[in-house]
């Protein structure tokens, strides 16, 4: 789907701050973060709903991997939301518990590095 904003991010037509990428999945920071490190995990292939993701088990393993890295990088309480209303592309939000701090786009690279470092640990 060429007009899908997430498909454009996957293609590199729209910039994003990537925290994780493999052949089938992409995780990047939300441009309007609820809290520092607010990350979206998407399948690279365009599918409308999370339950339509091919090999859903692998997708949720990536979500789990990112959430655990965020626990190390930010705090123990990482919230998750399965979404699809605003952007018609399957995605899951992961974000540190509300109230920990408000996310700031100026901190994207610092927060992405925290998550990437925790993934490598």
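The values are calculated or read from the model by the stated rules, or taken from the named source; none is laboratory data. On a predicted model such as this, the values are computed, not experimentally measured, just so you know. Heads up, the Cβs are rebuilt from the backbone with ideal geometry, glycines too, and the neighbour counts pull from every protein chain shown.
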*For residue 72, are the conditions met, namely being surrounded by 13 or more Cβ atoms within 10 Å (Cβ to Cβ) and without any contact (Cβ under 8 Å) to a residue 12 or more places away in the chain?*
no
*From the residues in segment 78-91 that are assigned to a loop (DSSP other than H, G, I, E, B) and surrounded by fewer than 20 Cβ atoms within 10 Å (Cβ to Cβ), which one is modelled with the lowest pLDDT?*
84
*Scan segment 15-33 for residues that are assigned to a loop (DSSP other than H, G, I, E, B) and surrounded by 13 or more Cβ atoms within 10 Å (Cβ to Cβ) and report the count.*
6
*asked:* On the basis of being under 20 Å from residue 112 (Cα atoms), more than 15 Å from the chain's Cα centre (by Cα) and part of a helix (DSSP H, G or I), does residue 72 make the cut?
replied: yes
*In segment 34-67, the residues that are touching a residue at least 12 places away in the same chain (Cβ under 8 Å), in contact with a helix residue (DSSP H, G or I) (Cβ under 8 Å, 6 or more places away or on another chain) and part of a helix (DSSP H, G or I)*: 50, 59, 65, 66
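Looking only at residues in segment 1-20 that are free of Cβ contacts under 8 Å to residues at least 60 places away in the same chain and in contact with a strand residue (DSSP E or B) (Cβ under 7 Å, 6 or more places away or on another chain), which one is farthest from residue 53 (Cα to Cα)?
Looking at the filtered set, the residue picked out is 16.
Here is a yes/no grid of residues against (1) under 12 Å from residue 93 (Cα atoms); (2) more than 12 Å from the chain's Cα centre (by Cα); (3) at pLDDT below 95:
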{"site": "38", "(1), (2), (3)": "yes, no, no"}
{"site": "43", "(1), (2), (3)": "no, no, no"}
{"site": "54", "(1), (2), (3)": "no, yes, yes"}
{"site": "58", "(1), (2), (3)": "no, yes, no"}
{"site": "63", "(1), (2), (3)": "yes, no, no"}
{"site": "66", "(1), (2), (3)": "yes, no, no"}
{"site": "76", "(1), (2), (3)": "no, yes, yes"}
*Could you check residue 78 against (1) in contact with a helix residue (DSSP H, G or I) (Cβ under 7 Å, 6 or more places away or on another chain); (2) touching a residue at least 24 places away in the same chain (Cβ under 8 Å) and say which number it fails?*
(2)
*Within segment 92-111, identify whether any single residue is in contact with a helix residue (DSSP H, G or I) (Cβ under 8 Å, 6 or more places away or on another chain), exposed (fewer than 13 other Cβ atoms within 10 Å of the Cβ) and assigned to a strand (DSSP E or B), and answer yes or no.*
no
